[in-house]
Amino acid sequence: MTAPVAPEIAELEEQERRLTLPRFTHDDAWTLGTLLVELARERGAPVAIDIRRAGQQLFHAALPGSTPDNDAWIDRKRRVVERYGCSSLLVGSRFRAKGTTFEESSRLDPDAYAAHGGAFPIAVTDAGVIGTVVVSGLPQVEDHQMVIEALEKFLSA
């Protein structure tokens, strides 16, 4: 089985525009988090899930097979979203498109920041980025795709 290919930069940017939310409450964090847990359980995915708003952790789950390393990856990927205001996969893709890597050119500590897929901005109409949703435990494109799928289901509910 071949690993999924990362979406093009234009598609990643379009995902962020399309997945802007009208609002995001504590209850919304629970709903989105439980959607992610359901997706992960259906697939037997050994992931950890984290949702934050304005620096406050509103949801966290660690499914069977996940490890403390997944929480460390969550923190590193979340910091990229908080710093750049866009998904961790998009940040890494933009560096690669310039012929370099995030680790080589960002001038940020790789122990604190990771531009690997799985962290996505929670953006609210007329407010901008107010939080993050992060999945860690699968290859980076699969982490990213799980977040996108959950956000699409959340918005269609």
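The values are calculated or read from the model by the stated rules, or taken from the named source; none is laboratory data. Everything numeric here is computed off the predicted structure, so don't read it as measured data. Reconstructed Cβ throughout: ideal geometry from the backbone, glycine too, with neighbour counts over all protein chains shown. Note: areas computed on protein heavy atoms with side chains; ligands, DNA, RNA excluded. Shrake-Rupley method; radii C 1.70, N 1.55, O 1.52, S 1.80 Å.
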Expressed as a whole percentage, what fraction of the accessible surface of the chain belongs to carbon and sulfur atoms when a 1.4 Å probe is rolled over the protein heavy atoms? 50
Report the semi-axes of the equivalent ellipsoid for the range 1-67 in whole Å, largest first, where each axis is √(5λ) for an eigenvalue λ of the Cα gyration tensor. 22, 21, 10
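Nearest 20 debye, what's the magnitude of the dipole of the range 1-71 about its Cα centre given +1 on Lys and Arg Cβ and -1 on Asp and Glu Cβ?
Working: 7 positive and 12 negative charges, 44 e Å.
In total the dipole reaches around 220 debye.
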Between the DSSP loop rule and a limit of at most 11 other Cβ atoms within 10 Å, which trypsin sites (Lys or Arg not before Pro) in the range 8-44 are left? 23
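Can you list the trypsin sites (Lys or Arg not before Pro) in the range 94-157 that are in a DSSP coil and have 10 or fewer other beta carbons within 10 angstrom? List each step's numbers first, then the result.
Values: sites: 94, 96, 98, 107, 153; in loops: 98, 107.
Counting only loop positions with at most 10 other Cβ atoms within 10 Å, the trypsin sites (Lys or Arg not before Pro) in the range 94-157 are 98, 107.
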Across the range 43-60, in residue order, what do the Karplus-derived ³J(HN,Hα) couplings come to in whole Hz, using 6.51 cos²θ - 1.76 cosθ + 1.60 with θ = phi - 60° and x for Gly and Pro? 9, x, 7, x, 10, 10, 10, 9, 10, 10, 9, 6, x, 9, 6, 9, 8, 8
Calculated SAXS-style log₁₀ I(q)/I(0) at q = 0.14, 0.19, 0.31 Å⁻¹ - the range 97-141, Debye, Cα scatterers: -0.48, -0.80, -1.04
With a ≥ b ≥ c the root eigenvalues of the C-alpha gyration tensor of the chain, is it rounded (a/c under 1.5), prolate (a/b larger than b/c) or oblate? rounded
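With the other protein chains left in place, how much accessible area per residue, in square angstrom, belongs to the range 6-157 at a 1.4 angstrom probe? Before the final figure, lay out the partial values.
Details: 7310 Å² over 152 residues.
Normalised by residue count, the accessible surface of the range 6-157 is 48 Å².
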